[in-house]
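The values are calculated or read from the model by the stated rules, or taken from the named source; none is laboratory data. Just so we're clear, the structure is a prediction, and the values are computed from it rather than from any experiment. Heads up, the Cβs are rebuilt from the backbone with ideal geometry, glycines too, and the neighbour counts pull from every protein chain shown. Accessible surface is based on the protein model in full, side chains and every heavy atom, while ligands, DNA and RNA are left aside. Shrake-Rupley method; radii C 1.70, N 1.55, O 1.52, S 1.80 Å.
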Amino acid sequence: MSDEIRLPEATQSVLLCHNGHRMRHLAHSRIARAYLTVILILVLSGTFASKQIPQRSKSASSISAEESKLFDLLNQARKQNGLPALRRNDQLSTAARRHAELMADRNEISHAFPGESSLQERAAAAKVKFSRIAENVGLGPSPEIIHDLLMHSPGHRANILDAGSNEVGIAIVRRAKSLFAVQDFAHIVADLDPRQQTALVSSLLQNEGYLISSEHNAAAYCENDSVSGLPGVTEILHFETADLSKLPDGLKQKDLKKRFRNAAVASCKVGPQPEASKGFTRYRMVVLLY
């Protein structure tokens, strides 16, 4: 038996992986079920190999024809379901490509291999700022077949049609006759420095009727809940969010706006994140009301 096992032309085999669960999908074929099972076992065990070196894309900004097709197909599906198109994100594509290359090298699909960082850590390492993220990975002979199988799998379909995502990174790496595909979906948030964060929250507070004051140094109270030593200040509010386009409901309460006229704002350093939250973008703010 040669290193490369070629599936009969009447058979299309696609492997998909979503949320850490490996799934198997077969198109219709006249080949006996037992024969297909043997082929799939060989694929999963690593016997399905090729001496051909996997092709590599030159950069995240240079999208291949296969990647472009998979991108177009997912946005067509979103349009058909009344959803806005996703923008292609070069940084997410960089993270996706590195993972796709690893899958092709190992001839296996997975969301994370031993010693590899988690999905959110890979995205963060690529300088992606996000509040949510999800991934589809698959193996198949063409973008069309991969997309079709993704859309017929509830978990993968949910990722493609997630209204909460606004950008996507797509990578496809070829190994012999197979395409290893990665789709990384995310809700991208603004990359704001402390000055921009403070200015944005201050503007939102002004829209609520507060007067922004520099009388007190709000930054000095990032780790302090005591109003001691702050003449006139009777309320210190801390909040964390990934979305600074709106204020937390607590700051929009009518009774607060009746009691306080002035506000001072500062951006604070975000503390250590739990393991499950690593990589996700968070902004931490403090607001003094008086």
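Data table
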| read-out | value |
| --- | --- |
| Extent along principal axes [Cα atoms of the stretch 152-193; Å; largest to smallest] | 45, 28, 9 |
| Separation of alpha-carbon centers, the stretch 124-194 and the stretch 96-115, rounded to whole Å | 14 Å |
| With all protein chains modelled, accessible area of Ser214 [1.4 Å, Å²] | 110 Å² |
| Nearest-20 debye value, the stretch 136-210 charge dipole, Cβ charges on Lys, Arg, Asp, Glu | 400 debye |
| Per-selection metrics, the stretch 164-274 (Cα): Rg and Dmax in Å | 20.4, 73 |
| For Cys222, solvent-accessible area (1.4 Å; no DNA, RNA or ligand), Å² | 20 Å² |
| Spatially proximal lysines relative to Lys69 (Cα-Cα < 25 Å; intrachain offsets below 8 disregarded) | Lys58, Lys79, Lys177 |
| Equivalent ellipsoid, the stretch 96-142 (semi-axes from 5 times Cα gyration tensor eigenvalues, Å) | 20, 12, 9 |
| Calculated from backbone phi, Karplus (6.51, -1.76, 1.60) coupling profile of the stretch 256-273 in Hz, x at Gly/Pro | 5, 5, 6, 7, 10, 10, 10, 9, 10, 10, 8, 8, 10, 6, 6, x, x, 9 |
| Heavy atoms of His238: accessible area, 1.4 Å probe, square angstrom to 10 | 60 Å² |
